[in-house]
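Report on the following structure.
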Amino acid sequence: MGPRCGVLGDPIAHSLSPVLHRAGYAACGLDDWSYDAHRVDESSLPEFLAGLDHSWRGLSLTMPLKRAVLPLADEVSDRVRVAHAANTLVFRDGRASAHNTDIPGAIAALREQYAGAVSRATILGGGATATSLGMALVELGATHIDVLVRSADRAAETLEVLSSLPSSPQVEVGDLATAAVTGDVVASTIPAGAQTVDLVRRCGDVPVVFEALYDPWPTPLASAAADRPLVGGLDLLVHQAALQFEMFTGQSVAVEVMRTAGLAALQQSDQIGLPEEAVEP
């Protein structure tokens, strides 16, 4: 058996990661590499990792494992240490190192669509993805982040992480149902079903929309952004996946190779119907 990689999460059937990485293998001539999806929750993650053999090169991690994996890694990158979240495990010499490609992936995806300044932003939702997007926005120059959630405790860890960054951004938590949405960018990490007519209206004056969801597409927020720069969940997914691919294989692959494969899979999924809670890869 050749080198193995995969994506873990629960739910996981919706994941496009196998499609993207396999497209990369085909483009790079890595015919003996494999990449599969595995349904793994927090309770079964330790056993799954303990059962991996020397053929494994890397894992992509989606909800609910981005924080649960941290105590199981032998090493963590600086970004992971700050974000308290990892979406990537790389296996080398019997050791597992945890990385976060969501942050640089989000920066690359946003810059692909928008070259302007980012000084203030609003994030909808407060989980691990919200934390990574917040860190990306701060790296791009944001000095003020508003995090809108249904209850303040949902944003506690995101608030802690963003407030502790070296640039000391101002971070405020607001009510998703009523707070004003302001800034240069609005980044959504919430399901399409939570994007009410009123919420979409409140996002109407923000110049740039970053929608972390990739299915269903378009979401209400994305549909309302037709005349503005729009970063979609597939953009984020392919950029972070390309970084993972290089970590796993030591080779680089063009983002467009993965994007083309992802778009084709999403077009097919329109006939199948993927779950709208499929926010992460």
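The values are calculated or read from the model by the stated rules, or taken from the named source; none is laboratory data. What you see is a predicted model; the values in this text were computed from it and never measured. All Cβ positions, glycine included, derive from the backbone under ideal geometry; neighbour counts span all protein chains shown.
Of Ala108, Ala121, Ala85, Ala96, which residue is more than 19 Å from Tyr214 (Cα to Cα) and surrounded by fewer than 24 Cβ atoms within 10 Å (Cβ to Cβ)? Just one listed residue meets the conditions, Ala96.
Does Leu65 qualify as being touching a residue at least 40 places away in the same chain (Cβ under 8 Å) and surrounded by 16 or more Cβ atoms within 10 Å (Cβ to Cβ)? In short, yes. Scanning region 221-254 for residues that are assigned to a helix (DSSP H, G or I), without any contact (Cβ under 8 Å) to a residue 40 or more places away in the chain and closer than 30 Å to Asp93 by Cα yields one hit, Glu246.
Can you work out which of the residues in region 32-51 that are farther than 15 Å from Pro18 by Cα and hydrophobic (A, V, I, L, M, F, W, C) is nearest to the chain's Cα centre (by Cα)? If we take residues in region 32-51 being farther than 15 Å from Pro18 by Cα and hydrophobic (A, V, I, L, M, F, W, C), then Val40 is nearest to the chain's Cα centre (by Cα).
Being of a type outside the set (Asp, Glu), closer than 19 Å to Val7 by Cβ, in a strand (DSSP E or B) and outside the structural domain of Thr182 (by TED's automatic domain parsing) is not true of Ala85. Determine whether Thr129 is over 19 Å from Arg202 (Cβ atoms), out of contact with any Gly (no Cβ under 9 Å at 6 or more places or on another chain), β-branched (Val, Ile, Thr) and in contact (Cβ under 8 Å) with a residue 60 or more places away in the chain. For Thr129, the condition - over 19 Å from Arg202 (Cβ atoms), out of contact with any Gly (no Cβ under 9 Å at 6 or more places or on another chain), β-branched (Val, Ile, Thr) and in contact (Cβ under 8 Å) with a residue 60 or more places away in the chain - is met. The criterion of being assigned to a helix (DSSP H, G or I) and in the same structural domain as Ala226 (by TED's automatic domain parsing) holds for Glu157.
Only one residue in Val138, Val147, Val118, Val171 is among the β-branched types (Val, Ile, Thr) and part of a loop (DSSP other than H, G, I, E, B), so which one is that?
Val118
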